[in-house]
Amino acid sequence: MSEAEEISLAKKTQAIFEQALDLPHEERNAFVKTQCGENAEVLAQVNLLLENEESGTKFLKNLYGNENDEGFSLLGQTIDVYRLTEKLGRGGMAEVYLAQRTDGVYENNVAIKVIQSFGHNKTLIARFYRERKILANLKHPNIAQLLDGGSTENGLPYFVMEHVEGERLDTYCKQHKLPIKARLALFLKICSAVTFAHSNLVIHRDLKPANILVDKNGEPKLLDFGIAKLLDQEKEEDVTVTELAMTPHYASPEQLRGEVLTTASDVFSLGVVLYELLTEVRPNRYVFPSPLGYQSETTKTSIPSPSKAVLESKLSKVSAKSHSNILRGDLDTIVLQLLRPEPERRYASVQALTDDIERYLANLPIRARKDSLWYRADRFIRRNAAMIAVVSIALVTLIVSVGYQQNRVIQERDMAIQERNKFKQTQDFLIDLFKNSEPGEARGNTITAREILDKGVQEIQSSLDQQPQTKSELLMTMGNVYQELGLYDVALPLLEQALEIRQSSKLFNPIDVAKGHSELAWSLMETGDYQSAETHLYQAMSLMTSALGEESNEIGTVYHYMGSVQYRIGRFDLAKTYFEKALAITLAGSGPKNESLAAIYGNLGNVYSNLGQLDKEIEYLNKSRMIEQEILGDNHPDIAITYSNLSSAYYRAGDIDKAILYEKKSLAINLKSLSEEHPNTAINYSGLGSLYLEKREMALSMEYHQKSISINKKNFGDDNPYLAFDYLNMSEWYKTDKDYEKALEFSQMALEVINKNNLQEHPITAFAYGGQGSSYDGLGEYALAEKNLLKGLEVFKAIDIADVSISNLYMSLGLVYEHTERYADALLNYEIAYDTRQTMLPEGHFETKEAADKVAQLKQQLKVK
Amino acid sequence: MDSITQIVKAVDNANEEAIDRLIELAYERLHTSAKKALGQSGHASTLQATELVNELYLFFKQRDEFKYNDSAHFFATAAIKLRQILLDRYRKNSAKKRDFGEKVDTVQMHNLAVDPPMMETLVVNGYIDQIEKIDPVTARIVDLLIFWEFSFAEVAEILGVGERTVYRKWKWAITWLSTRT
């Protein structure tokens, strides 16, 4: 019978069998016969099943094997000089027996641990010997002492330990109804044993009440260093989660996640032990970090404080209440500090914990700090990577003198998913920061956000040298926050320092270093240092590519940054390539609605704008805006950026009023959510300046432009690239006002800034030459005018992008030729301008009409001649 | 703690926190049943069971981005992976046994003499996969009852079928299995 036939047969029999089950036994036969009809095979199968109905139950009994089977036993045998008298249990991969020396050398009972496995498991044997070695070195009154070791006749390794007769720590405390102070005294002894082990580079890794026995003298003894690990002598491959033989309930979050363990992990387990000692309930924690969330464990649902938990214990109401009163305050704080999910936020060492408990017992103030309610004060810290910067392209329309500064705003909110875990730690730091800056606690009156941040930086600089990872992460976050506030002079040194730490410490992997490079690059770009930014990003890219290949989420962020840098240098095709790479990775890696995606859409919109594809630009900008509004709400600075970009798109589409509307929407949000002096606000002002110039509201236009210049100067100094755009806008303004001297002056200032910033590849260079040329034209210096305009065209052609703005240069050139009575040349240039606009601008655009008029006028003139 | 049915309902309403709770719950249950699945009882198997469950956890962790349509989907994914892990383990064990050569001693002989537990037979022979081909719902029921040790009522809730159906299909499955083994 083929497999398909077998399956089909089984399906039929299953159906009939199931129906038959619902019938009383005596009716089944008849029912089955009717159902099966002529099909003898089905009938036979169903009957076989029905006959064996009972054997199913037997099957179940053997499901897990014989549950009482205790495996092999060496009971009664003698190993070396030890006679095994009693089986104490199984611990890990080994069996533990009570034994006595037969030669009378040692009177007391000993415990013998014999490896249970079949002798060929090298890992286990290695572990066993390692354990022996470790234990031999650990001599402490509160650690069960190793006495001897060897192999059995069968080659099973064993070792002999001091036998501790006693009770489990928790049982002992309960049965003796120990008061809290006595429990703490016991716990301190355990701490001293753990501290001793830690100072010998041994982590216990499985601290729990079952491994701590209290002997008849009331001395606690730590057992089972079976999975201890020599801190820096572990030469074997890293112990992974699957090999870890831990007890999940007591295991630290990092242990559950399978990360490299440090003594902080024992600190956590001690926290669980202490929690239970004090409350007689287990801390209600998720012992299984979510595969879906990032840190569902203990961070999502916080552990109730011991003073609350004890109320749920089995203690009588009265004693639970009194317990609770004792626990509230310092003990709550101590225990919760032990149980923090982030290792670096726990006590730095068991010694530090010991000190605090001793301080508590001596009625001194403890050092542990409470987690504060400022947890939700997240306005500031909600986003890590900053965003937002500014690049503007002046659309120098040389004839009609429209100097609309096309706002090119690049948005960024990296916040890649993989960053969020780390972000959590920094977030916690910032929370503490806010908490410590609470009025009253700090200096009794209100303090500004800036002061809080400055204080945070001080704290990071002074206190975190021992934790380079945290320090670097925090420096980076603070750098990003300052950057988001537009305070680049403060941000840069922090980010540089963060990178230096990463480069100089072995604790960081190449990805960390790459992130240091890319965050610094972003800030460098913000300040207009594109060359350095580009260099850092190339370094980040090569680090990430060799570590993760070319399509990791991490590298997506770097591509995004690189796209932004290329965009600002004016290499739009390259920018497009990088943004598209980033887009592909983001689309593949995360859901349809996230901030990175919105940013990339927005940036692609900007690129298309510069590549002259207006329809695509508006499409992408709107995609971006829709995602943003959904996830950010209506009043977020990012939405302001997109509004501003849409304004620019509408301007170029010829709809000035709509452009003004969007620019004002953007400005309103920025004034509300950022500040009057933020670079983004400057963009709004500059845009409005150009739009009102278009409307010939000269005074208003000038006011806006000057605001933009003063903000940009204040933020970035006197030579920053944004000023090039501002100056060109001013040049346009004066040209419109027919003050060509001034216009020339400003276009020359623009060129100076361009040269200082190495922006020769950016279209703005072409516009600056164009501006200079048309200023000369206004002054009647036609030769110079022609020379500059041709230079502008040359630059444009070298950049080789399809930008409709090139038509402005042709128009200006046409005008120069008209003025010098070279009408044929003038007509040719007007015609090229017309063709360009006709193809690239929406139908009926006023600029196209303007070029058409010129063409008609020149044709007329030539006819007359 | 919420009842399994409440959690399952929340999961089916795409509540992500509920999935976390479900995993927590699954972890506890699985830990018990994994001990049994490893064919031992008592303390010795605890560690192995922990390793097994941790391995399962790693699997989930690597699928961080993976979304579960509903709780049934989650359990189905977990069960398939669990069977894979068990299968690997059983295979490794038997490889170890064959590797003894001349060093076999009485202790080990004693171990070899024991019939493999039914769970092992089930996994090694791929019986659940065969049931899957005949009736996927039955396969899910077997998974949930054997590996997770849910009650009939809970399984009914998770799979969205009647309790009686669960019983009938289960009955068929174990009878069918007993005629094969």
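Every number in this text was worked out from the coordinates using simple rules, so none of it is lab data. For clarity, every value in this text was computed on a predicted model and none was experimentally measured. Every residue, glycine as well, gets a Cβ built from its backbone with ideal geometry; the counts of neighbours run over all protein chains shown.
A:Glu41 to A:Glu619: extension gain in nm, 0.36 nm per residue of separation minus the Cα-Cα distance?
201.5 nm
Please report the net charge: other residues with Cβ closer than 9 Å to the Cβ of A:Leu858, K and R +1, D and E -1.
0
Between A:Asp737 and A:Lys664, what length in nm is gained on full extension when 0.36 nm per residue of separation is reduced by their alpha carbon distance?
Between A:Asp737 and A:Lys664, full extension yields 23.8 nm more.
7 Å from Cα along Cα→Cβ at both A:Gln503 and A:Lys87: what's the point-to-point distance in nm?
6.3 nm
Could you give the radius of gyration (one decimal) and Dmax (whole number) of the Cα atoms in the range A:3-61, in Å?
My reading of the Cα-based Rg and Dmax gives 11.7, 36 Å.
To the nearest 0.05, what FRET efficiency results for A:Ser2 and B:Val124 with a Förster distance of 22 Å applied to their C-beta separation?
0.40
Between A:Asn29 and A:Asn108, what is the label-to-label distance in nm when each label sits 7 Å out along the Cα-to-Cβ direction?
Roughly 7.5 nm, to one decimal.
Please rank B:Ser178, A:Ser805, fewest neighbouring Cβ atoms within 10 Å first, as an exposure proxy.
Least to most surrounded, the residues fall as B:Ser178, A:Ser805.
Scan around A:Lys87 for amide H atoms under 5 Å from its own, H built in the peptide plane at 1.01 Å from N, and keep only partners 5 or more places away or cross-chain.
Here A:Leu98 satisfy the definition.
For the range A:806-859, list log₁₀ I(q)/I(0) at each q in 0.16, 0.18, 0.28, 0.30 Å⁻¹, using the Debye formula over Cα point scatterers of equal strength and ignoring solvent, two decimals each.
Log10 of I(q)/I(0), two decimals: -0.37, -0.47, -1.02, -1.13.
Too long at a 23 Å Cα-Cα cut-off: which of A:Lys11/B:Lys81; A:Lys742/A:Lys854; A:Lys623/A:Lys713; A:Lys616/A:Lys787; A:Lys616/A:Lys672; A:Lys581/A:Lys616?
A:Lys11/B:Lys81; A:Lys742/A:Lys854; A:Lys623/A:Lys713; A:Lys616/A:Lys787; A:Lys616/A:Lys672
How long is the gain from A:Glu794 to A:Glu54 if the chain were fully straight, where each residue apart is worth 0.36 nm and the alpha carbon distance is subtracted?
Taking A:Glu794 through A:Glu54 to full extension adds about 257.1 nm, to one decimal.
Can you list residues whose amide H is under 5 Å from A:Gly329's amide H, if they're 5+ apart or on another chain and H is modeled 1.01 Å from N?
Sorted by chain and number, the residues that satisfy this come to none at all.
Across peptide A:20-26, how many C-beta atoms of other chains are within 10 Å of each residue C-beta, on average?
The per-residue average across the peptide is 2.
Could you give me the percent of Cα pairs per 5 Å distance bin for the range A:675-826, shortest bin first, beginning at zero and ending with the bin that holds the maximum distance?
Per 5 Å bin, starting at 0, the Cα pair percentages come out as 2, 11, 18, 20, 21, 16, 8, 3, 1, 0, 0.
Could I have the simple spin-label model distance between A:Ala182 and A:Ser546, label points 7 Å from Cα toward Cβ, reported in nm to one decimal?
Label at A:Ala182, label at A:Ser546, 6.3 nm between them.
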